[in-house]
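Contents: one structure, followed by commentary.
Just so you know, all these numbers are worked out from the coordinates, no wet-lab data involved. Owing to the predicted nature of the structure, the values given are computational and were not obtained by experimental measurement. Neighbour counts are summed over all protein chains in view; Cβ atoms, including those assigned to glycine, are modelled from backbone coordinates with ideal geometry.
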Amino acid sequence: MTKKSFLILLILPLILMSCDPAHTINFINKGKNNVKVKLVINPKTQFERLNDIKVGDSIVFNLEPYNTGENEDGIYFGIGVWNENLLKTVAEDVKRIEIENNDYKTVYKSQKSIEKILIKNQEGFWWKTAVNININDDLTN
């Protein structure tokens, strides 16, 4: 392989990639039980998408067990990538996250605990485009 071919193969994927990927927060049930995820949203949220999909003051996802095809759901936040400051802003607009199955219930009540779970679960190779919160049967992630 020539130096020119190598450079083309190296640079071409970078050119073809979008600089503005979609960014999401996803809840993924990795367990054998149904899981309910409830986000209580601040009524003065600055995120239009949160206002659009909330019912009353909450967004609720009912996740079926792993390997059913209905085991994940999430919130699309448009084009962009996650960074710590943006996730802190989301945490300010989420008053509480409740994750519950038949045996356990975990509640993230403080802004600090919500920030921590969001920041801890960022994923992405070059850009942090997803926050994937994996939920096990004991509700750990």
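Each residue in the range 81-112 was checked for being of a type in the set (S, T, N, Q), under 18 Å from K30 (Cβ atoms) and loosely packed, with under 15 Cβ neighbours inside 10 Å, and 1 pass. The set of residues in the range 59-71 that are free of Cβ contacts under 8 Å to residues at least 12 places away in the same chain and out of contact with any Asp or Glu (no Cβ under 7 Å at 6 or more places or on another chain) comprises N67, T68, G69. Within the range 81-106, being of a type in the set (A, V, I, L, M) and either without any contact (Cβ under 8 Å) to a residue 12 or more places away in the chain or closer than 26 Å to N136 by Cβ (or both) holds for L86, L87, V90, A91, V94, I97, I99.
Of everything in the range 117-139 that is touching a strand residue (DSSP E or B) at 6+ places or on another chain (Cβ under 8 Å) and surrounded by fewer than 16 Cβ atoms within 10 Å (Cβ to Cβ), the residue that is farthest from F61 (Cα to Cα) is G124.
Per this entry, T45 is counted among residues that are out of contact with any strand residue (DSSP E or B) (no Cβ under 8 Å at 6 or more places or on another chain), among the hydroxyl-bearing types (S, T, Y), under 20 Å from H23 (Cα atoms) and in a loop (DSSP other than H, G, I, E, B).
Quick one: which of G74, G78 is part of a strand (DSSP E or B), surrounded by fewer than 12 Cβ atoms within 10 Å (Cβ to Cβ) and either in contact (Cβ under 8 Å) with a residue 12 or more places away in the chain or of a type in the set (V, I, T) (or both)? G78 is the lone residue from the list that is part of a strand (DSSP E or B), surrounded by fewer than 12 Cβ atoms within 10 Å (Cβ to Cβ) and either in contact (Cβ under 8 Å) with a residue 12 or more places away in the chain or of a type in the set (V, I, T) (or both). When I25, I59 are screened for being surrounded by 15 or more Cβ atoms within 10 Å (Cβ to Cβ) and either of a type in the set (K, R) or over 13 Å from the mean Cα position of the chain (by Cα) (or both), only I59 passes.
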